[in-house]
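Undergrad: Can you keep this structure in mind? I'll have questions shortly.
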Amino acid sequence: MSAIRLLVLGAVRQHGRAHGYQVRNDLEYWGAHEWSNAKPGSIYHALKQMAKQGLLHAHEIAPSTAGGPPRTEYEITDSGTAEFLALLRASLTAYDQKMDVRSAGIGFMVDLPREEVLSLLKERIGRIEEWRAAVTGHYVPEDGPEQLGHIGEIMNLWVHSADADAAWTRGLISRVEAGAYTFAGEGAPFVGVLTEGEENPYATGERHPEDTR
């Protein structure tokens, strides 16, 4: 799964309609340029590709009276919303996703109803436990990694990572069950986007040819 698709679709969806620089600004505001491939070139490429695929609708906006090239604004389509939700659900359940995909999923989990998120996270626990059982069918953690030579350290890492992931997910489940955060249908959602003209304290300063559009 591509984290950049989930991130870009989610950012556009939060705005309702946004131009490329707004999307980039939001992703940098969330720190996504540090933990994912959400770099300027990747963001603009994803916007254009998903517009071609019918997931986004591109609106050409007339130049301002001050001059300059036209600006393209993007709006998520029904197909784009379906794709976003499918990617989001997959990111919350799969045990083998990369950290950027998992992080993007957690960032957008409040776009789903609370009970659905709890169900997805519990499914994730089940998948982690199933995968762990497959590993420990060949490797006994209690006997230590030395039983398989230095290669045992690889399985030791896998098991410890699975245990840490499961423990963290159980903690998240407990917090969500206790009423943490505002999920879809529960009231005013958390607003994590910058308004037009608002300064981004986390901006990289790296320019891209389309930043002026």
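Undergrad: Just checking, how many residues over the stretch 2-17 are farther than 13 Å from residue 57 by Cβ and either part of a loop (DSSP other than H, G, I, E, B) or without any contact (Cβ under 8 Å) to a residue 12 or more places away in the chain (or both)?
TA: 1
Undergrad: Before we move on, is residue 90 under 26 Å from residue 166 (Cβ atoms), within 14 Å of the chain's Cα centre (by Cα) and buried (at least 22 other Cβ atoms within 10 Å of the Cβ)?
TA: No: the conditions fail for residue 90.
Undergrad: Hey, another quick one. For the stretch 129-141, which positions are within 17 Å of residue 154 (Cα to Cα) and part of a helix (DSSP H, G or I)?
TA: If the condition is that a residue be within 17 Å of residue 154 (Cα to Cα) and part of a helix (DSSP H, G or I), then 131, 132, 133, 134, 135, 136, 141 are the ones that fit.
Undergrad: Specify which of the listed residues (60, 83, 75, 28) is touching a residue at least 12 places away in the same chain (Cβ under 8 Å), closer than 14 Å to residue 107 by Cα and among the acidic types (Asp, Glu).
TA: 28
Undergrad: Please give the number of the condition residue 165 fails out of (1) buried (at least 16 other Cβ atoms within 10 Å of the Cβ); (2) among the acidic types (Asp, Glu); (3) not in a helix (DSSP H, G or I).
TA: It fails just one condition, (3).
Undergrad: Tell me, which residue of the stretch 168-205 that is at pLDDT 65 or above and of a type in the set (Ser, Thr, Tyr) is surrounded by the most Cβ atoms within 10 Å (Cβ to Cβ)?
TA: The qualifying residue surrounded by the most Cβ atoms within 10 Å (Cβ to Cβ) is 169.
Undergrad: Continuing with this model, one more query. With the requirement that a residue be touching a Gly at 6+ places or on another chain (Cβ under 8 Å) and hydroxyl-bearing (Ser, Thr, Tyr), what does the stretch 17-31 give you?
TA: Selection gives 29 alone.
The values are calculated or read from the model by the stated rules, or taken from the named source; none is laboratory data. Since the structure is predicted, the reported quantities are computational estimates derived from the model, not experimental observations. Glycine gets a Cβ as well: all are built from the backbone with ideal geometry, and neighbour counts include every protein chain shown.
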